[in-house]
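Encoded as structure tokens, the structure appears first; notes follow it.
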Amino acid sequence: MSTHRSHRAHSLILVLAGLLILLASSCKPTKYVGEDEFLLDKYKLKVEEDRVDQKELNTYIKPKPNKNILGVKFYLGLYNLSGKKDNGFNRWLRKIGEPPVLYDRFETERNNKQINLYMRNKGYYDAVISDTVKTRKKQAQVTYNILPGQPYTIRSVAYFLEDTSIQSIFLPDTVNTLVKRGDNFDVDVMQNERLRIETLLRDRGYLNFNREYVHYQVDSSLGTHQVDLTLGVKKYIITSEDGYLLQVPHRKYKVEEVFIYPGFDPNSAISDYQSYIEGLTREEFNNFTFLHEGKMKANPNVVSQSVFILPGELYNAEKVKQSYQHLSSLRIYKVVNITFEEKDSDDQVRRDHYPVVCHIQLSPTTNQSYTVELEGTNSGGNIGGGANFNYMHRNLFGGAENFSARFSGGIERLRQSDQQGFGNMIELGTEARLTLPQFLLPFKTEDFIRKYNPKTNISASYNYQKRPEYTRSIMQTTFGYNWSGNELVTHIVNPVQFNYVDMINATEAFIDSIRGTYLQHSYEDRLILAANYGLIFSNQKLKKNSDFLYFRSNLESAGFLLSGLARVTNAPKDSLDRYLMFGNAFAQYIKGDVEFRWYNIFNDKTSLVYRLFLGIAYPYGNTIAIPFEKQYYSGGANGVRAWHVRDLGPGTYSGTGLTKYPNKTADVKIEANIEYRFKLFWVLEGSLFVDAGNIWSVYPDSEQVGANFSWDTFYKQFAVGPGLGLRMDFSFFVLRTDFGFQFRDPSSPEGKRWVIVHEPLRAPIFNLAIGYPF
């Protein structure tokens, strides 16, 4: 399909969706509300004091009014668009819409009781809860009035342990308690303390301990809104041979043996477990016992390094969790199952520790696979298509080495700066990647492997690009590591990243356009030897609709080692006084950027996303200009969407660019985005957004006036572009269309940059992309 037809097709979808939104929004909300009924329009919580968490309290209010999109009950409108006839279209409208939520006095009184229960759980036993209902035009608004009163607080905390054997562990840890003197008498905090104690003891050998053994006694007879709290721990309960329940000290378990089944077959085990186990070969390795059929397909050293449950150590629930995570991360097992078996012993009563045997069942996955992909591509708004062949081997050398190879080809349509035509970019490439489940270092790293689950990554790629202005190839080889600092943080270090850019040829017009400019030095044959470090933080909780933060930072340095080597070896120089290595001037620069994202999740249908990006690349020493592929650009489907990709900036530069196709790049980038996302119906989602940002050059360029970054003026040079979008979420990919409107253009004369005020509305910029912008 041509780009024009694709544009027209998606515009038609947008118009139809907009028409349906308009009809739904204008539909009378009380259409299906009965004569003596009221639509629950909204509710609010009116709390006399700020000590109550209203966001948490909101979860107790049910039912919720029909969901809003910017103040419009859109989903109710869809439902109300349906007629009374039972046909397919009406059933579809009712399915994607929401039936009216009616005001119900019984539900309101139930909410009052739930609020009162919540307040009591937070220590407000004297709270007074009431409600006020206002009705108008068959719609009801409910206000829940909450007068907390004086809370009950904890005057003292005492401990009573029926089992004195756990005192040496329990009492020193009370400094970490969540239940503290002076705090509110909060039931939720007390429940969390029970869970904390369970975790404490299970991480210190008490396999069968759980929170049900922890209980509280409360004395509230003081008459001063204070309570004396006693936290108790009951003894362990067992059943005797005679069937009687006995209270005994809690048992601490020590792992006596660890059996690992690296090729466990659940089908064979189910049919006759005992015969299956007896038929396995037994082999000892690193104090573990491996039971397997034939030759082990995975290196036992790699498997054992991923197991934290060690013979001779006390049972530890945290180490069981870590073993699950590390074994799964090897990507060679489809099922990981860890169980514990208490071992009988005649003298158990006299033991300090009871023996337990650990069984780790590992069911292998298929080692090799390949896929063929046909895909649509998008590079900031330039649309194209491509084909990929991917090969994967998850256990290349028997040590859980993940090897992947990729062969790709594609073509993209490039829009000319004057909007009068298009050109094609042809791209061919291949990439090979090897990931090892350990650090390739010349010293022992077993303890580090167990703690941080590191990976070694080795990759090599070749990319051939043919654009209308030039043809070039890029070769890259990377050697690096990544590891998990904790559950939220990932570190990436690439001590060696080798790039070679070969400018195969360029058109005369392109060469003439950049000759003598700052950009000339960005389009040269270039050798890049870099090292970089990246950090990623994300506290997103999978399968939970809760707010989360994403942070990414990257620092890269190139040319430092080559510069030192060039000086030591007295390497030759070119006419610009740059050192040459293998006949090329190597790049020397430092580059760093950070990105913040905040995802504010309102409910399962609406969210608000904030993003801030800051980046700078600084050339020095052997480099006059940052290599083109390392520079920043803005505009397009993933930047400031009111401008075409690479068509914004730098700074206040007002030229159309030095080439026929948008190709504006620079050394500094600042971008900020706010996007409101909401589900519509079927697979359709909508968005409203505001993008702002620009790029700047570090050094002045006589050919691009106004491009230079200056602390005195940069904040006056931001482009601003609001817009709206439509997305189609097909689960396995998201097709996105965005229309951006230029409200503030930094290339316009000063005083007239708010073009929305000084000019007629400019035509919107259309972006077609795959995936969310951030």
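Regarding Gly639, is this residue in contact with a strand residue (DSSP E or B) (Cβ under 7 Å, 6 or more places away or on another chain), outside any strand (DSSP E or B) and modelled with pLDDT of 90 or more? First the steps, then the outcome.
Numbers: in contact with a strand residue (DSSP E or B) (Cβ under 7 Å, 6 or more places away or on another chain): yes; outside any strand (DSSP E or B): yes; modelled with pLDDT of 90 or more: yes.
Yes: the conditions hold for Gly639.
Starting from region 287-306, take each residue that is farther than 10 Å from Tyr261 by Cβ and hydroxyl-bearing (Ser, Thr, Tyr) and list its partners that are open to solvent by 20 Å² or more (accessible area, probe 1.4 Å) and part of a loop (DSSP other than H, G, I, E, B), counting only C-beta distances under 6 angstrom and pairs at least six apart or across chains.
These pairs meet every condition: Ser304/Asn286.
Kindly provide the set of residues from region 187-224 that are buried (at least 17 other Cβ atoms within 10 Å of the Cβ) and among the polar types (S, T, N, Q), ordered by number.
Once the filter is applied, which keeps residues that are buried (at least 17 other Cβ atoms within 10 Å of the Cβ) and among the polar types (S, T, N, Q), region 187-224 yields only Asn208.
Six or more apart or on different chains, Cβ under 6 Å: which pairs go from a residue in region 651-671 that's modelled with pLDDT of 70 or more to one that's open to solvent by 20 Å² or more (accessible area, probe 1.4 Å) and among the charged types (D, E, K, R)? Could you list them?
Once the first residue is modelled with pLDDT of 70 or more and sits in region 651-671, its partners that are open to solvent by 20 Å² or more (accessible area, probe 1.4 Å) and among the charged types (D, E, K, R) give Asn663/Arg646; Lys664/Arg646.
For region 180-195, name all the residues that are touching a residue at least 40 places away in the same chain (Cβ under 8 Å) and either part of a helix (DSSP H, G or I) or of a type in the set (Val, Ile, Thr) (or both). Walk me through it before giving the result.
So in region 180-195, the residues touching a residue at least 40 places away in the same chain (Cβ under 8 Å) come out as 184-188.
Result: Val187, Asp188.
Of all residues in region 563-599 being of a type in the set (Val, Ile, Thr) and part of a strand (DSSP E or B), which is most open to solvent (accessible area, probe 1.4 Å)?
As a first pass, look at region 563-599 and keep what is of a type in the set (Val, Ile, Thr): 568-569, 590, 594.
Checking the rest, the ones that are also part of a strand (DSSP E or B) come to 590, 594.
Details: Ile590: 78, Val594: 40 Å².
Among them, the one singled out is Ile590.
For Phe264, indicate whether it is surrounded by 12 or more Cβ atoms within 10 Å (Cβ to Cβ) and in contact with a Leu (Cβ under 7 Å, 6 or more places away or on another chain).
Working: surrounded by 12 or more Cβ atoms within 10 Å (Cβ to Cβ): yes; in contact with a Leu (Cβ under 7 Å, 6 or more places away or on another chain): yes.
When the stated conditions are applied, Phe264 passes them.
Identify the residue in region 291-300 that is hydrophobic (A, V, I, L, M, F, W, C) and within 21 Å of Gln438 (Cα to Cα) and, among all such residues, is nearest to the chain's Cα centre (by Cα). Let's see the steps before the verdict.
Start the filter on region 291-300 by keeping residues that are hydrophobic (A, V, I, L, M, F, W, C), which leaves 291, 296, 298.
Of the ones still in play, those that are also within 21 Å of Gln438 (Cα to Cα) are 296, 298.
Numbers: Met296: 36, Ala298: 31 Å.
Taking the candidates together, the pick is Ala298.
Quick check on my filter: what residues within region 136-172 are among the β-branched types (Val, Ile, Thr), over 30 Å from Tyr103 (Cβ atoms) and in contact with a Lys or Arg (Cβ under 7 Å, 6 or more places away or on another chain)? First the steps, then the outcome.
First, the residues of region 136-172 that are among the β-branched types (Val, Ile, Thr): 142-143, 146, 153-154, 157, 164, 166, 169.
Still in the running and over 30 Å from Tyr103 (Cβ atoms): 153-154, 157, 164, 166, 169.
Once the filter is applied, which keeps residues that are among the β-branched types (Val, Ile, Thr), over 30 Å from Tyr103 (Cβ atoms) and in contact with a Lys or Arg (Cβ under 7 Å, 6 or more places away or on another chain), region 136-172 yields Ile154, Val157, Ile169.
Listed residues Ala625, Ala666; which is touching a His at 6+ places or on another chain (Cβ under 7 Å), under 19 Å from Ser557 (Cα atoms) and buried (at least 23 other Cβ atoms within 10 Å of the Cβ)? Even if it seems obvious, please write down each step before you answer.
Details: Ala666 fails: touching a His at 6+ places or on another chain (Cβ under 7 Å).
None of the others qualify; the one that does is Ala625.
Take the residues in region 133-170 that are in a helix (DSSP H, G or I) and surrounded by 12 or more Cβ atoms within 10 Å (Cβ to Cβ); name whichever of them is farthest from the chain's Cα centre (by Cα). Outline the logic, then answer.
Kept after step one, since they are in a helix (DSSP H, G or I), are these residues of region 133-170: 164-170.
Next, from what is left, pick out any that are surrounded by 12 or more Cβ atoms within 10 Å (Cβ to Cβ): 165-167, 169-170.
Details: Ser165: 44, Ile166: 41, Gln167: 42, Ile169: 37, Phe170: 37 Å.
Looking at the filtered set, the residue picked out is Ser165.
Residues to consider are Leu40, Leu20; find the one that is open to solvent by less than 90 Å² (accessible area, probe 1.4 Å), part of a strand (DSSP E or B) and at pLDDT 55 or above. Before the answer, list the steps.
Working: Leu20 fails: part of a strand (DSSP E or B).
Answer to the check: Leu40.
Determine, yes or no, whether Val609 is touching a strand residue (DSSP E or B) at 6+ places or on another chain (Cβ under 6 Å), farther than 26 Å from Asn663 by Cβ and either open to solvent by 80 Å² or more (accessible area, probe 1.4 Å) or touching a residue at least 40 places away in the same chain (Cβ under 8 Å) (or both).
yes
Report, by residue number, each residue of region 258-283 that is over 41 Å from the mean Cα position of the chain (by Cα) and either under 22 Å from Ile309 (Cα atoms) or not in a helix (DSSP H, G or I) (or both).
Keep residues of region 258-283 that are over 41 Å from the mean Cα position of the chain (by Cα), which gives 271-283.
Once the filter is applied, which keeps residues that are over 41 Å from the mean Cα position of the chain (by Cα) and either under 22 Å from Ile309 (Cα atoms) or not in a helix (DSSP H, G or I) (or both), region 258-283 yields Asp272, Ile277, Gly279, Leu280, Thr281, Arg282, Glu283.
For the structure I just gave you, tell me whether Val357 is under 23 Å from Ile260 (Cβ atoms), modelled with pLDDT of 90 or more, in contact with a Leu (Cβ under 6 Å, 6 or more places away or on another chain) and of a type in the set (Val, Ile, Thr). Write out each step before concluding.
Numbers: under 23 Å from Ile260 (Cβ atoms): yes; modelled with pLDDT of 90 or more: yes; in contact with a Leu (Cβ under 6 Å, 6 or more places away or on another chain): no; of a type in the set (Val, Ile, Thr): yes.
The answer is no for Val357.
Taking only region 503-512 into account, find how many residues are open to solvent by 30 Å² or more (accessible area, probe 1.4 Å), within 24 Å of Ile528 (Cβ to Cβ) and either among the aromatic types (Phe, Trp, Tyr) or over 40 Å from the mean Cα position of the chain (by Cα) (or both).
Going through region 503-512 one residue at a time, the tally reaches 3.
Filter region 737-755 for residues that are under 35 Å from the mean Cα position of the chain (by Cα) and charged (D, E, K, R); which is most open to solvent (accessible area, probe 1.4 Å)? Can you show your working first?
Within region 737-755, the subset under 35 Å from the mean Cα position of the chain (by Cα) is 737-746.
Subsequent filtering for residues that are charged (D, E, K, R) retains 738, 744-745.
Details: Asp738: 0, Arg744: 36, Asp745: 13 Å².
The selected residue is Arg744.
If you scan region 45-78, which residues turn out to be under 30 Å from Asn184 (Cβ atoms), surrounded by 12 or more Cβ atoms within 10 Å (Cβ to Cβ) and touching a residue at least 24 places away in the same chain (Cβ under 8 Å)?
Leu45, Lys46, Val47, Glu48, Arg51, Val52, Leu57, Tyr60, Ile61, Pro63, Lys64
Could you grab me the full set of residues in region 400-415 that are modelled with pLDDT under 85 and surrounded by fewer than 16 Cβ atoms within 10 Å (Cβ to Cβ)?
Passing the criteria: Ile411, Arg413.
Just need a number here: residues in region 174-210 that are more than 24 Å from Phe340 (Cβ to Cβ) and not aliphatic (A, V, I, L, M). Give the derivation first.
Filtering region 174-210 down to residues more than 24 Å from Phe340 (Cβ to Cβ) leaves 174-193.
After this cut, where a residue has to be not aliphatic (A, V, I, L, M) as well, the list is 174, 176-177, 180-186, 188, 191-193.
Qualifying residue count, region 174-210: 14.
Does at least one position in region 301-321 carry a residue that is closer than 22 Å to Phe439 by Cα and of a type in the set (Phe, Trp, Tyr)?
For region 301-321, residues closer than 22 Å to Phe439 by Cα and of a type in the set (Phe, Trp, Tyr): present.
I'd like to check something: does region 746-766 contain any residue that is in contact with a Lys or Arg (Cβ under 6 Å, 6 or more places away or on another chain), touching a residue at least 24 places away in the same chain (Cβ under 8 Å) and in a strand (DSSP E or B)?
Scanning region 746-766 turns up no residue that is in contact with a Lys or Arg (Cβ under 6 Å, 6 or more places away or on another chain), touching a residue at least 24 places away in the same chain (Cβ under 8 Å) and in a strand (DSSP E or B).
Please determine whether any residue of region 508-520 is within 16 Å of Gln631 (Cα to Cα), of a type in the set (Phe, Trp, Tyr) and in contact (Cβ under 8 Å) with a residue 24 or more places away in the chain.
Yes, region 508-520 contains at least one residue that is within 16 Å of Gln631 (Cα to Cα), of a type in the set (Phe, Trp, Tyr) and in contact (Cβ under 8 Å) with a residue 24 or more places away in the chain.
Looking at region 489-502, is at least one residue open to solvent by less than 30 Å² (accessible area, probe 1.4 Å) and closer than 17 Å to Ala625 by Cβ? Write out each step before concluding.
Just the residues of region 489-502 that are open to solvent by less than 30 Å² (accessible area, probe 1.4 Å), to begin with: 489, 494, 497, 499, 501.
Still in the list and also closer than 17 Å to Ala625 by Cβ: 499, 501.
Yes.
In region 228-257, how many are in a loop (DSSP other than H, G, I, E, B) and more than 16 Å from Asn210 (Cβ to Cβ)?
Here is the first cut: in region 228-257, the residues in a loop (DSSP other than H, G, I, E, B) are 234-235, 240-244, 249-252.
Restricting the remaining residues to those that are more than 16 Å from Asn210 (Cβ to Cβ) gives 240-244.
Selection size over region 228-257: 5.
If Gln247 passes every condition in (1) surrounded by 13 or more Cβ atoms within 10 Å (Cβ to Cβ); (2) more than 30 Å from Ser306 (Cα to Cα); (3) of a type outside the set (D, E, K, R) but one, which one does it miss?
For Gln247, the failing item is (1).
Mind listing just one residue for me: the one in region 689-725 that is surrounded by fewer than 23 Cβ atoms within 10 Å (Cβ to Cβ) and within 18 Å of Phe628 (Cβ to Cβ) and, of those, modelled with the highest pLDDT?
Step by step, filter region 689-725, then rank; the result is Val698.
Considering region 79-97 alone, what residues qualify as being crowded, with 16+ Cβ neighbours inside 10 Å and assigned to a loop (DSSP other than H, G, I, E, B)?
Result: Ser82, Gly97.
The values are calculated or read from the model by the stated rules, or taken from the named source; none is laboratory data. This is a predicted model, so every value here is computed, not measured. With ideal geometry, Cβ positions are generated from the backbone for all residues, glycine too; neighbour counts draw on all protein chains shown. These area figures cover heavy atoms from the full protein model, side chains too; ligands, DNA and RNA do not enter into them. Shrake-Rupley method; radii C 1.70, N 1.55, O 1.52, S 1.80 Å.
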